[in-house]
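Only one structure is covered here, and it is reproduced in the block below.
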Amino acid sequence: MTKQEKIYIAREFRKKPTISEAMIWEGLRAKQFLNLKFRRQHLISGYIIDFYCSELNLAIEIDGPVHLRQIKEDAERQKNIEDLGIKFIRINSEDIEYDLKSVLKKIEIKIKKLIKK
C-alpha cells in the first residue's frame, strides 16, 4: 500500500472513530491532557497509530475486539515502532468505555514515569 493510500485510510479512520477512540479523544484533544498535543490516526513508518504525541515520542493504541484476532501482528507492529525509539501504551477499548476517567489517570501516571526517566 502506498503512503498516499495510508494517509487516505487514516483520514477515513478520523472521520469514523470507534466509540472508545471518540471517548478518549475527548480527553486528549486540544492540549487539555497534561498540556500535550496528541494527533489521531498518525502515520509512522507505514503504520497508522491511534494516538501519537511527538513531544514524548509516545504512541497510544486502543485494543478493541479486532485485536484478539491479530495478536502476533500487533506484537510485531509494536516492536517495529518501539525500535524507532517510540514508547508505547496499549489500552483495552472496554476499559475506556467502562471507566474513561480511570484510564486517563493511568495514562497520566505512565506519562509522568516516562518524563522522569
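Structure notes:
- Sorting the segments 7-15, 24-32, 55-63 by their mean number of nearby beta carbons within 10 angstrom, highest to lowest, gives 55-63, 24-32, 7-15.
- Charge dipole (debye, nearest 20) of the chain; +1 at Cβ of Lys and Arg, -1 at Cβ of Asp and Glu: 520 debye
- Relative contact order computed over segment 3-116 (Cα-Cα under 8 Å; 6+ residues apart), in percent: 23 percent
- Dipole-positive endmost among ALA75, LEU100, LEU43 within segment 3-116 (Cβ charges, Cα centre): LEU43
- Global form of the chain, assessed from the alpha-carbon gyration tensor, a/c cut-off 1.5: rounded
- Within segment 3-116, DSSP assigns beta bridges of which about 55% are antiparallel (rounded to the nearest 5).
- Backbone N within segment 41-57 under 16 Å of label point (7 Å from ARG11 Cα along the Cβ vector): 41-43
- Using a Förster distance of 22 Å, the FRET efficiency for SER102-LEU56 (Cβ separation, nearest 0.05): 0.60
- Note on the chain: helix-only mean residue ellipticity at 222 nm, from DSSP H runs of 4+ residues weighted -39500 (n - 2.57) and normalised by residue number, equals -15000 deg cm²/dmol.
Quick note: the coordinates plus some simple rules give every number you see, no bench work behind them. Just so it is clear, the structure is predicted and the values come from calculations on it, not from any experiment. Heads up, the Cβs are rebuilt from the backbone with ideal geometry, glycines too, and the neighbour counts pull from every protein chain shown.
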